[in-house]
Amino acid sequence: MAYSEIYRAWQDDPEAFWMEQAKAIDWDRAPTFALDDSRAPFYGWYPDAMVNTCFNAVDRHVRDGQGDRAAIIYDSPITGAKSRTTFAELKEQTARLAGALAAKGVGKGDRVIIYMPMVPEALVAMLACTRIGAVHSVVFGGFAAHELATRIDDAAPKAVIAGSCGIEPGRVVAYKPLLDNAIAAAKHKPAFCVIFQREQLRAELVEGRDHEWHAFQEGAEPADCLPVEGMHPAYVLYTSGTTGQPKGVVRPTAGHLVALNWTMKAVYNVAPGEVFWAASDVGWVVGHSYICYAPLIHGNTTVVFEGKPVGTPDAGTFWRVIAEHDVKSFFTAPTAFRAIKREDPKAECLKAHDISCLRALYLAGERADPDTIEWAQRVMNVPVYDHWWQTETGWPIVANPAGIEPLPVRIGSPTVAMPGYDVQVLSPEGTPVAPGTLGAIAIRLPLPPGTLPTLWNAEERFRKAYLTTFPGYYETGDAGYIDEDGYLWIMARTDDVINVAGHRLSTGAMEEILASHPDVAECAVIGVADQLKGQLPMGFVCLSKGVNKPKETVEAECIQLVRDQIGPVAAFRLCRVVDRLPKTRSGKILRRTMASIADGQEFKLPATIDDPAILDEIREALSGIGYPKAEG
Ligand code: COA
Ligand code: AMP
């Protein structure tokens, strides 16, 4: 069937479409219907079903005779470690850890925070939670203690499962002191912690609270998979919003299983048994959906890669992993390819590897710039598919349906809406605009299975953040247009979210931290274009009256403060002290205008600007740090 027929079949009868896709899942009690609209605009999917995520990702493959097949290939160029875990081994490992957690009182609905590097045990921990109906919340290792503490307080976990350390090029990041500080800072105290000790840095355990990973599980009775209701949360994943308080995106169990399973063939074009690799991190949604759950649910082998695109040891690492493990479909962020292209523009490193096994490269997480796409296409000789989605949706909204019918690639567009998503571009008044017209990108409700039904403990925030601006729609926070042929083009964010090396960050959160500096009276953080990371955060701070410290000192302190509070992942290295910030007459800081100056873009002077002369001061501050860059 052609993509257009499938999309139309969904449009004509969404209920039938999603009941059909549900047949691929092993239910303990099959759903009798798909959509629950009894609480619109809050929707649910498969609410009367009973099902277990871990059973579908692991146990059923063992049951079906695939126990000896590789579930996880671990490849860690940063440590030199490599291993394979079969589905049978994964079942045994998840059952044992789940049993040990259950023995310590972790049960259905209890939260477990996971703070782990890219090791197979991170997946084991996630799956062990879903096995017993516990709700995991994975926190990315590049976040600092303060961010971890915020998540501990919001999720109120019974337990934390953490690695002793992460390994970054040139340094070992001790996770355990970050965890200890986070627990000390948080109001909520988890009952216990399980620590996976890595040989690169063993952590000191707190007597009575911390348990070593292996000792914790010794003698534990393996736990069976516990069927849960279709809308039971499989996990909560925090993502950046406009404030320092991250949003806890809730993932419902049944819809997650159905939707992810559907995408593996339709979008990523792999058959069960083939190797699928998403080079991301379990701390992000890509890691949840496409390192852990989707490939395993679909019966694929997933690659857990602990390394960087360059420097571990060189720009040929991706090619080696693809060739060595027979990867059929590969997914990463454009920034990774920008890094490889910068280091090895002629792709010399590729000569040593045969990547003819690969069918396609998938890019998402940030804007894929045409140069990078063209370069990747040329050197890899496979189609490069940009696709667009968000933590909130958990799976592609707009993609090239390569496994149904590859559509012609239009470089710069993530292609077309997937079944389940009625994507519209709206005017400020909330009416759909004509093709080619720029507007806010919104999705007509209901969102499809697997997408967020709410925010953790924050239904009102969910409604306000996503459902209020355009009644009847979900507001994505992105702006763009749809062309005459239905291809979507993403142009910008409409809020304070920036995208740094594929990592979604909140400038508002950074402003809150800068404002907490005792010498800072007011501040603004903007995203500026960066050749490698797509965007970088840049801060402007005004000092309180009477502060006579050197500007450079305050700037350095501000940079350190953001690193300490949010973490190195914020990549906050650009900060200038200025006398005043440009504002409208009503006092709104003109962040967009400042970003245009930093990027060397033309802009229209806002009619409401209070004092245009302030812009000259901003220009001067920027030129002091080399902005705008020559490349624009
Ligand atoms: N634990 C601890 N620290 C981490 C970390 C982790 N899991 N991940 C990143 N960091 C640290 C890095 O060490 C770095 O610290 P530094 O300031 O001391 O150098 C900082 O956070 C920024 O890291 P990163 O974004 O990785 O930038 P980089 O300059 O080290 O590398 C790239 C640049 C392009 C190679 C890198 O960003 C990359 O591989 N990006 C791919 C992005 C990706 O997979 N995104 C996921 C969404 S799909
Ligand atoms: P995250 O929730 O971290 O996955 O970030 C989602 C946001 O990243 C989206 O709302 C977009 O702003 C941006 N994004 C993701 N994929 C793309 C893409 N293919 N093109 C442009 N922007 C993207």
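Residues in the stretch 571-595 that are under 27 Å from the mean Cα position of the chain (by Cα) and not aliphatic (A, V, I, L, M): 572, 573, 575, 591, 592.
Results for (1) over 16 Å from the mean Cα position of the chain (by Cα); (2) hydrophobic (A, V, I, L, M, F, W, C); (3) modelled with pLDDT of 95 or more, shown as yes or no for each residue.
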position: 286; (1), (2), (3): no, yes, yes
position: 294; (1), (2), (3): no, yes, yes
position: 309; (1), (2), (3): yes, no, yes
position: 314; (1), (2), (3): yes, no, yes
position: 320; (1), (2), (3): yes, no, yes
position: 334; (1), (2), (3): no, no, yes
position: 337; (1), (2), (3): yes, yes, yes
position: 349; (1), (2), (3): yes, yes, yes
position: 355; (1), (2), (3): yes, yes, yes
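Scanning the stretch 571-622 for residues that are open to solvent by 70 Å² or more (accessible area, probe 1.4 Å) and of a type in the set (Gly, Ala, Ser) turns up 586, 607. Taking residues in the stretch 598-621 that are free of Cβ contacts under 8 Å to residues at least 60 places away in the same chain, and partners anywhere that are open to solvent by 90 Å² or more (accessible area, probe 1.4 Å) and in a loop (DSSP other than H, G, I, E, B), the pairs with Cβ atoms closer than 6 Å and at least 6 places apart or on different chains are 608/585; 610/585; 614/580.
Looking only at residues in the stretch 127-163 that are touching an Asp or Glu at 6+ places or on another chain (Cβ under 8 Å) and among the β-branched types (Val, Ile, Thr), the one that is nearest to residue 459 (Cα to Cα) is 135. When residue 245 is tested against the conditions (1) at pLDDT below 95; (2) crowded, with 23+ Cβ neighbours inside 10 Å, the lone failure is (2). Comparison of 261, 269 shows that the only residue that is open to solvent by 10 Å² or more (accessible area, probe 1.4 Å) and at positive phi is 269.
Within the stretch 564-577, residues that are at positive phi and among the polar types (S, T, N, Q) reach no partner that is within 16 Å of ligand 2 (Cβ to nearest atom) and open to solvent by less than 10 Å² (accessible area, probe 1.4 Å) with beta carbons closer than 7 Å at six or more positions or on different chains.
The residues in the stretch 479-496 that are within 16 Å of ligand 1 (Cβ to nearest atom) and at pLDDT 95 or above can be counted, and the count is 1. Quick one: count up the residues across the stretch 159-210 that are on the phi > 0 side of the Ramachandran plot and either touching a Pro at 6+ places or on another chain (Cβ under 6 Å) or at pLDDT below 95 (or both). Residues that pass the stated criteria total 1.
The condition (being under 24 Å from residue 6 (Cβ atoms) and within 16 Å of ligand 2 (Cβ to nearest atom)) is satisfied by just one residue among 263, 332: 263. What number goes with the only condition from (1) on the phi > 0 side of the Ramachandran plot; (2) of a type outside the set (A, V, I, L, M, F, W, C); (3) buried (at least 24 other Cβ atoms within 10 Å of the Cβ) that residue 65 does not pass? Every listed condition holds for residue 65 apart from (3). Suppose the filter is in contact with a helix residue (DSSP H, G or I) (Cβ under 9 Å, 6 or more places away or on another chain), closer than 21 Å to residue 504 by Cβ, part of a helix (DSSP H, G or I) and open to solvent by less than 10 Å² (accessible area, probe 1.4 Å); does residue 113 pass it? Spelling it out, it is not the case that residue 113 is in contact with a helix residue (DSSP H, G or I) (Cβ under 9 Å, 6 or more places away or on another chain), closer than 21 Å to residue 504 by Cβ, part of a helix (DSSP H, G or I) and open to solvent by less than 10 Å² (accessible area, probe 1.4 Å). Annotation note: of 91, 82, 108, the sole residue that is at negative phi, in a helix (DSSP H, G or I) and open to solvent by 40 Å² or more (accessible area, probe 1.4 Å) is 91. As a summary of the residue check, residue 239 satisfies the conditions (1) surrounded by fewer than 22 Cβ atoms within 10 Å (Cβ to Cβ); (2) over 14 Å from the mean Cα position of the chain (by Cα) except for the one numbered (2). Figure legend. Inter-residue proximity from the stretch 282-298: first residues under 19 Å from residue 59 (Cβ atoms), second residues near ligand 1 (Cβ under 10 Å from one of its atoms), beta-carbon distance below 9 Å, spacing 6+ or different chains. Indicated pairs: 292/282; 294/278; 295/278. Reported count of residues in the stretch 501-529, each being of a type in the set (D, E, K, R) and either surrounded by 21 or more Cβ atoms within 10 Å (Cβ to Cβ) or assigned to a loop (DSSP other than H, G, I, E, B) (or both), is 2.
Scoring residue 297 on the criteria (1) open to solvent by less than 10 Å² (accessible area, probe 1.4 Å); (2) within 16 Å of ligand 2 (Cβ to nearest atom) leaves a single failure, condition (2).
If you go through the stretch 291-322 and keep only what is under 19 Å from residue 262 (Cβ atoms) and either of a type in the set (A, V, I, L, M) or in contact with a Leu (Cβ under 8 Å, 6 or more places away or on another chain) (or both), you end up with 291, 292, 293, 294, 296, 297, 298, 302.
The helices (runs of 4 or more DSSP H) located wholly in the stretch 308-424 that include 2 or more residues which are away from ligand 1 (no atom under 16 Å from the Cβ) occupy 317-325, 370-380. Can you give me the number of residues within the stretch 265-307 that are in a helix (DSSP H, G or I) and under 24 Å from residue 140 (Cβ atoms)? Number of matching residues: 13. Given the criteria closer than 18 Å to residue 275 by Cα and among the hydrophobic types (A, V, I, L, M, F, W, C), does residue 24 qualify? It is false that residue 24 is closer than 18 Å to residue 275 by Cα and among the hydrophobic types (A, V, I, L, M, F, W, C).
Quick check, is residue 533 within 15 Å of ligand 1 (Cβ to nearest atom), open to solvent by 50 Å² or more (accessible area, probe 1.4 Å) and among the charged types (D, E, K, R)? It is true that residue 533 is within 15 Å of ligand 1 (Cβ to nearest atom), open to solvent by 50 Å² or more (accessible area, probe 1.4 Å) and among the charged types (D, E, K, R).
The values are calculated or read from the model by the stated rules, or taken from the named source; none is laboratory data. Note that the structure is predicted; figures quoted are calculated from it, not measured. All Cβ positions, even for glycine, are placed from backbone atoms using ideal geometry, and neighbour counts span all protein chains on display. Surface accessibility is based on the protein's heavy atoms, side chains included, excluding ligands, DNA and RNA. Shrake-Rupley method; radii C 1.70, N 1.55, O 1.52, S 1.80 Å.
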